[in-house]
1. If I filter segment 20-46 down to residues being surrounded by fewer than 21 Cβ atoms within 10 Å (Cβ to Cβ) and of a type in the set (Ser, Thr, Tyr), which single residue comes out as nearest to residue 129 (Cα to Cα)?
2. Just checking: which of the helices (runs of 4 or more DSSP H) contained wholly in segment 99-179 hold 3 or more residues that are exposed (fewer than 12 other Cβ atoms within 10 Å of the Cβ) and aliphatic (A, V, I, L, M)?
3. Looking at 117, 124, which is the one that is over 16 Å from the mean Cα position of the chain (by Cα) and among the β-branched types (Val, Ile, Thr)?
4. Among the residues of segment 47-72, count how many are open to solvent by 10 Å² or more (accessible area, probe 1.4 Å) and either among the hydroxyl-bearing types (Ser, Thr, Tyr) or not in a helix (DSSP H, G or I) (or both).
5. Go through segment 60-75 and count every residue that is within 18 Å of the chain's Cα centre (by Cα) and within 20 Å of residue 140 (Cα to Cα).
6. Here are the criteria: (1) open to solvent by less than 50 Å² (accessible area, probe 1.4 Å); (2) within 20 Å of residue 174 (Cα to Cα). Tell me which single one residue 75 does not satisfy.
Amino acid sequence: YSGYDYVYSGVFAWSTMSREHTWAHSWMPTFPHTTNDQYSDQYNIFPTHQNNANNRRSNHPFGEVVNVTYQFLEGKVGTNSSGDIVYEPRESHKGDAVRALLYDCVRYDGIDGNSWTFNWLNDTLLPSLNEDPQSLTVISNWHSQDPPDKWEVDRSNYIQSIQKNRNPFVDHPEYFSYIDF
């Protein structure tokens, strides 16, 4: 999210680093459960600095920050041009975040009767969390501005070797144009 480099040695410990759920855990219709596929799906999880990125992003939707209230390396929190509180990851992660969100919608919508749509997120859940909507214009722009790169494709290949499924938006970014938001 922010460009923080961390070298792992030994066993992973919850101190400096954490895992950030792109579709925030609190956004999940299955919240607060942590033992389901949605919570541990690797396409939705990215390593991030615990206190300066994960905690700062919190429940905030993604957006373009125009008034910075907190910045850690290339990730920042602040308000967008409408005055909404948003989180903006580094440039090279923006499209990756969008494709993770889209994957979650396609992969989990309707499972156990749960809605993983942007309509549900923006009209039901985010208002209940006192958050502003996830801008679909931002999602569209970021998807176009940051297409899948070698790192994202390699990551997708690795996750496929573990989970045995793919993120179709990494393999076929053009599928974005077929979504009826």
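The values are calculated or read from the model by the stated rules, or taken from the named source; none is laboratory data. Owing to the predicted nature of the structure, the values given are computational and were not obtained by experimental measurement. For neighbour counting, all protein chains shown are included, and Cβ atoms are generated from backbone atoms with ideal geometry for every residue, glycine included. Protein only, heavy atoms only, side chains kept; ligands, DNA and RNA dropped before computing areas. Shrake-Rupley method; radii C 1.70, N 1.55, O 1.52, S 1.80 Å.
1. 26
2. On the way: elements: 136-145, 150-163, 168-171.
In segment 99-179, there are no helices (runs of 4 or more DSSP H) which contain 3 or more residues that are exposed (fewer than 12 other Cβ atoms within 10 Å of the Cβ) and aliphatic (A, V, I, L, M).
3. On the way: 117 fails: over 16 Å from the mean Cα position of the chain (by Cα).
Among 117, 124, only 124 is over 16 Å from the mean Cα position of the chain (by Cα) and among the β-branched types (Val, Ile, Thr).
4. Pass one, segment 47-72, residues open to solvent by 10 Å² or more (accessible area, probe 1.4 Å): 47, 49-52, 54-56, 58-60, 64-72.
Now narrow it down to the ones that are either among the hydroxyl-bearing types (Ser, Thr, Tyr) or not in a helix (DSSP H, G or I) (or both): 47, 49, 58-60, 64-72.
So the count comes out to 14.
5. Going through segment 60-75 one residue at a time, the tally reaches 7.
6. Result: residue 75 passes all but (2).
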